[in-house]
Amino acid sequence: MTLTSATGCNKLSKGFTLIEILIVLIIIGIASSLIFLNFSSASSIAKNQSSFQNAFNFLTEESIVTGNIIGWHANNENEFSYILDYKNTFIENLDNPYSNNWNNLSQFRKTYQSSDGSIIDFENYKEDLPLIIFYPSGENSGGIISIFLNDYIQQITINTNGKIISEITSD
C-alpha cells in the first residue's frame, strides 16, 4: 500500500526522474543557444555601426582640419577615400585608418540612396564618382547605406550634419 497526499503525490517518491532532468537540460541548452545567437548578431550590428561611425567621423574631422573636400567611394568589394578639388576632381588618395570595415561585408548586397532619392547598387557601380562628399564646414552630402544581411537589412543613415543612425529592418 502506498501513501498519497491530498495532492495525489506519492510520499515515497522523492526527486525527479532522469528523463525529466534531461528534458529540462535540453530546454535550457536550446534557450541559451538562441540567446547567444541573438547577442552575437546584435554585437555584429553594433560593430558595423561603430566602424562606419569611426570612418565617417575621421573623414569629417580630416576635412575640417585640412580644409580639403573629401570624397568617399565604395563598390561591392571595397571602399576608399580621396581628396577632391573644388571642381570635385580627384587629387590624391587619403589613408583612412577605419576603411577596413567593408571587407567583412563583401558577400552581402549593398545599396546607397543619395539625398535626392536615387539608389545605387554597389554590385553594378563602376563610376569613379564619390558617393558621399565631406566639406570643410563639417557637413557632408549624406545618404543611406543599406546592407542586406541574411535575415535582416541594416540601414545606416548618414545625416548631413555627420550624425549616423543605424536601424535594423526585417527582410
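Read-outs throughout are calculated quantities, based only on the coordinates presented, and are distinct from any laboratory measurement. On a predicted model such as this, the values are computed, not experimentally measured, just so you know. Every residue, glycine as well, gets a Cβ built from its backbone with ideal geometry; the counts of neighbours run over all protein chains shown.
A few points about this structure:
- Cross-link reach is defined here as a Cα-Cα straight distance under 17 Å, omitting same-chain residues fewer than 8 places apart; for LYS163 the aspartates and glutamates meeting it are GLU61, GLU62, GLU139.
- The protection proxy used here, the mean number of other Cβ atoms lying within 10 Å of each residue, ranks peptides 55-65, 123-133, 23-33 as follows, highest first: 55-65, 123-133, 23-33.
- Computing FRET efficiency as 1/(1 + (r/R0)^6) for GLU139 and PHE36, where r is the C-beta to C-beta distance and R0 is 41 Å, gives about 0.50.
- Proximal charge balance of TRP72 [Cβ under 12 Å; K/R count +1, D/E count -1]: -2
- Between ILE27 and ILE168, the FRET efficiency from the beta-carbon distance, with R0 = 45 Å, is close to 0.95.
- Ranking SER141, ASN161, SER118 by Cα position along the charge dipole of region 116-161, where only Lys, Arg, Asp and Glu carry charges on their C-beta atoms, puts ASN161 farthest toward the positive end.
- Ranked packing of 149-162, 67-80, most packed first, by mean Cβ within 10 Å: 67-80, 149-162
- Within the shell defined by Cβ-Cβ distances under 15 Å, the residues around LYS163 carry a net charge of -3, with Lys and Arg each +1 and Asp and Glu each -1.
- Residue-count net charge about THR111 - beta-carbon cut-off 12 Å; Lys, Arg +1, Asp, Glu -1: 0
- Cross-link partners of LYS126 among aspartates and glutamates (Cα-Cα below 15 Å; sequence separation of 8 or more within a chain): GLU77, GLU79
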